[in-house]
1. What's the total number of residues in region B:317-347 that are closer than 21 Å to residue A:354 by Cβ and among the small types (Gly, Ala, Ser)?
2. Only one residue in B:136, B:80, B:114 is farther than 21 Å from residue A:561 by Cα and at pLDDT 90 or above. Which one?
3. Just to be sure before I move on: is residue A:479 within 22 Å of residue A:442 (Cα to Cα) and within 45 Å of the chain's Cα centre (by Cα) in the structure I sent?
4. Can you say whether residue A:585 is closer than 30 Å to residue B:67 by Cβ, at pLDDT below 85 and exposed (fewer than 13 other Cβ atoms within 10 Å of the Cβ), as far as the supplied structure shows?
5. Within region B:40-71, count every residue that is in contact with a Ser or Thr (Cβ under 6 Å, 6 or more places away or on another chain), of a type in the set (Asp, Glu) and more than 8 Å from chain A (Cβ to nearest Cβ).
6. For region A:369-386, which positions are within 14 Å of another protein chain (Cβ to nearest Cβ), more than 15 Å from residue A:332 (Cβ to Cβ) and either open to solvent by less than 60 Å² (accessible area, probe 1.4 Å) or not in a helix (DSSP H, G or I) (or both)?
7. Going by what's in this entry, would residue A:150 be described as within 14 Å of chain B (Cβ to nearest Cβ), under 21 Å from residue B:1 (Cα atoms) and open to solvent by less than 20 Å² (accessible area, probe 1.4 Å)?
8. Looking at (1) open to solvent by 10 Å² or more (accessible area, probe 1.4 Å); (2) at the interface with another protein chain (Cβ under 10 Å from one of its Cβ atoms); (3) within 19 Å of the chain's Cα centre (by Cα); (4) not acidic (Asp, Glu), which one does residue A:296 not meet, given that it meets all the others?
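The values are calculated or read from the model by the stated rules, or taken from the named source; none is laboratory data. Given the structure is predicted, the values throughout are model-derived calculations rather than measurements. Here the Cβ is made from the backbone with ideal geometry for all residues, glycine too, and neighbour counts use every protein chain on show. SASA here: full protein model, heavy atoms, side chains in, ligands and nucleic acids out. Shrake-Rupley method; radii C 1.70, N 1.55, O 1.52, S 1.80 Å.
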Amino acid sequence: MPYFGSEETVKELKRALANPHVQADRLRYKNYITKVIRYMTQGLDVSALFMDMVKASATVDIVQKKLVYLYMCTYASDKPDLALLAINTLRKDCADPNPMVRGLALRNMCNFRMPGMPEYIEQPIVAGLRDKASYVRRVAVLGCAKLHNLQPYTDMDGSIVNELYALLRDPDPVVVVNCLRALEEILKDEGGVVINKPIAHHLLNRMKDLDSWAQSEVLTFLLRYRPRSDDELFDILSLLDAFLQSAHAHVSVSTLRLFLHLAAAHPAVQADALLHTSAPLLATCGSASRELRFAGLCHVQQVMRSQPGLFGTHYKRFFCGYSEPSYIKFRKMEILVELVNDENVALVLEELRSYCTDVSPELAQAAIAAIGRIARTYSEKCLDILTGLLALKQDHITSAVIQTFRDLVWFCPQSTAAVCQTVEACVDNPQDSEGKQALLWLLGEHGEQISSAPYVVEGYIDGLKTELSSAVKMELLSASVKMFLCRPAETQDMLGRLLHYCIEEESNMCVRDRALLYYRLLQRGVEETRKAVTGPKSDPSMSVLTGRQEEPISLWASAFNTLGPLSGRDLCLQTVIISASAQPSSSAEEELLPGSKDVTLSCPNDTEEEISLSLGPPLSHETFEKMWLDLEILHRQTLGFPRPKAAADTLQAALQLVKIQTLAFTPGDTVPWKAYLYTRGTGTLILAELLQEDPEAPGTEGSLVVSVKQQPANQHTIRGFVAIIKSVFQTLNFDRL
Amino acid sequence: MISQIFILSSKGDHLIYKDFRGEASKDSINVFYEMVTALSGDQPPVVMTHKDHHFIHVRQGGLYWVASTKTNPSPFTIIEFLNRLAALTKDYCGSLSEKSVRMNFALIYELLDEMVDFGYIQTTSTDILKNFIQTEAVSSKPFSLFDLSNVGLFGAETQQSKVAPSVAASRPIMSSRGEQGGKNEIFVDVIERLSVVIGSNGVLMKADIQGEIRIKCFLPTCSEMRIGLNEELNIGKSQLKGYSSAVRVDECRFHQAVKLDEFDTFRILKVCPSQGEQTVMQYQLCDELLCAPPFQLFPSVEKDYVNRVLIFLKLRCDLPPKSTALNVSITVPVPKGSVSMSQELSSPDQTAELQPKSKALLWEIPRFPGGAQLSALFKVDVPGLSSASLLEVGPVSMSFELPKQTCTGLQIRFLRLSPTQTGLSQRWVRYVTHSDSYTIRI
């Protein structure tokens, strides 16, 4: 932040610091130094005062020393030549009899980030490692990491590493933890500090002496250790058991993560650990600090992915407090929706109902959407509430309710009649374009059940000139055409007007093209149009996607207690792409081969190069569903053979081998059979749907159809992906023969 | 590990900035501020990412306390550390505000220097830190006669009186000189946060209590202290002790320094408090309230004339007659179209106003004695009122403070410092219950 008259200020300070009268008066001198630091914090460039500040470092006043050191560390990289002048004072301080002065000097000397520093600090660091004061040793140990950071790969490293490993036995707990941290940085290229059995057990035994920060850090380091036997594993777990219930949330969560990791092969132990930690986790959800609350809620959501029932009885803890910020309320609502069961549904709905009239329209809409989600299971109760909300005649509420109705009808066809009745009775129409689209869709799709539908649509057609959103116009076109198909007499006239307007007067190309398309289609005759326009009115098989399945713990355990659960989808995708590109190009084929060497699995199409797929971080059902609905189908192909008769888990395992994750599939031999898959390759995310129609139905030949969506698009990867899918199914079919 | 720590005022002024690893530019402060102010209300602000840099922040005392990092650390650790930093700043500076941070920036730099090295948390314990912190805190409180009278009252205090003025504990822990400094005081606070939902039929639907016992210690050195809780205190649902089940908590957790060898039989906590503030015990009670909820509301909402809603609220305080609720405020959402309001309140010290921004009416009662009943009539003008608009009235939310009151009934029987304590020390026990969230449906 540049300040007006900053140059003047610096000059004035320089004059004052150089004034011998000021220098003689210690208080006044210190006052000026404080001023310099204050300006520095505010962002003013005071590096011109470096010389004067170096002089001020030669003092017995520790407070003044600290301030000057802070200044020097900030500007050392800008003024390396001047900083060298200060080194003499610092080195002298490193030999001071007072350990506090020694530590202070050493720490700050190591903080000078400039070339040429290593030769001055090496010797004091080595001396510091053997200092008798633990305070100095702590500083010196981290000094090694700083030294390595300044000048990687020196021949010093070897001896320092040995010394640091030896210092892991230091009596001071902070020194021990600092050693781990320093080794981790120095040995980064070799995979970090090695946690072998003696070190692991030594650390475990020291756990009680450490403070909470060190505890959670050591627990994270221990993730790297693999116990040799089950006996050892259970010894470790029983040592750590007490930490699951620590008063510090970060310790109990770190312990839980370690438990989940170590006991990966013992689901019962994992479940037990989750049960033990549920109390501390719930406590963080009610913590006084709202940030901690948020972190707790996000992690509760992670746990619920595998154990949806764990928090079932505690659903009241997720009721929103009125003073909570909306981002916390959103999370709580998401959790509440998941926790609904036969016993609590009435109370949860009543609670959600009270959020629908919230002042914040976003929150109100989210609450309505949440009720809509619950309606997929408990439609009757929810429809009553939603219908009641329409009576409020608030634009944002009406719009959200209509949108919820649209989704509900799509997922639960059995609620169609009730919804149509309500829509018919609803007198005022939504005003925003999202709501209008939803209403038009409902009218078009279920026009035959809503007697007033043509008149509502006519109202929209009459007001077409004032309509701004092209998406609404497109929806209006489709709705009118669909309605024409079921109620031609009432609609014919207005459809004509609409098409005329859209073709002759509309300036938006998309709308115009759509109108022309319908126009030509209608010219081909009504039956032809009906075939092209009408599709399924609902898709209950989508509930395969949205229905909750218990996921294995390993899917989320690796990201537990990291920033991942807290940041939204954006960060998730970002890391996906990073991890996908960082993945070394391992051939998918090679990994598939063990066991079945006689089957060639190379892509049948020789022009294709091999692509590498990876699983990357798991995708939640919601994310998949959202992306599936957002993206266009890029590729659709009939595979030319039926679905393998192998059991579902065999199929899932086979796909997993080639790094394709199965998200959901219809159970057994239900027809039509569907499966949803996803994978990642060459920096893109691939989503796919496998569909097998009824084999008896004419024209389908009982063959599998694969539809692929991708983000970002890359045709090459899609071709590779389809080839891999093909080869997997061929193999499975081959096995069967 | 942490790359940078900075503290910003709500207006974005840089109050404290420390770079531990030199891997991020100073510009990231401005990047952070732009990001955090650009967020809409429903986006979670706690973790934000700019390029490969993550910002984690907490809001305390109206300030942004931010840590930036390039790695993927435990969010719990960073958030709790930032909260701890804020708590320590409060301990050392006496209060937490933009002004006190500005005045004591040298001290905060000194603290940070000892707490974090190269991005790794070293220590946050006051016992260790006090050996290294040399800067004197500058108290931001202006000198006033009112403060002095408080101090005078204190000097003449009686050991029996268990109420200390709430300002007494908000002073720097380290001031070794000055008129207040000589006081050897220790405060033990029992703080409970109550969150309650009462249904429209007056039935308690949800009740949670989160409580903690917090010690604020101004003694330079302190040997072991024994805190005796109610002997009949029950922990957990199954375990019942004695004939009355009057005092019960579901679950409790203790600070790791607390010795619990006498807890099971005598309900005595033994602890050596270090200077500053620390929480020795946290407990919670869910889905049950052992006393009546402190407030009951009897509302009636009617349509009066064409465009007017009559809201009649009768509020009863069910506390024991000797106690009082303070700073009671009642928020009632009103129909969106409300334009003006007139009210009839029962006493002049109450106030009520229509808040056009949040479309709610706010009724404030500074003191509300136990057993009393207050009523108020609000006439809200709503052009274009329909009968459905009445549904928009409610739910009512309340906030209040109940001094000298715990809802679990947890009490401190005694507070004993070990006999070797030199000099006179004063011990204070204070109870307070805050409303975390108190909602009454209409």
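1. Adding up the residues that qualify gives 3.
2. B:114
3. yes
4. no
5. 0
6. If the condition is that a residue be within 14 Å of another protein chain (Cβ to nearest Cβ), more than 15 Å from residue A:332 (Cβ to Cβ) and either open to solvent by less than 60 Å² (accessible area, probe 1.4 Å) or not in a helix (DSSP H, G or I) (or both), then A:385, A:386 are the ones that fit.
7. no
8. The failed condition is (1).
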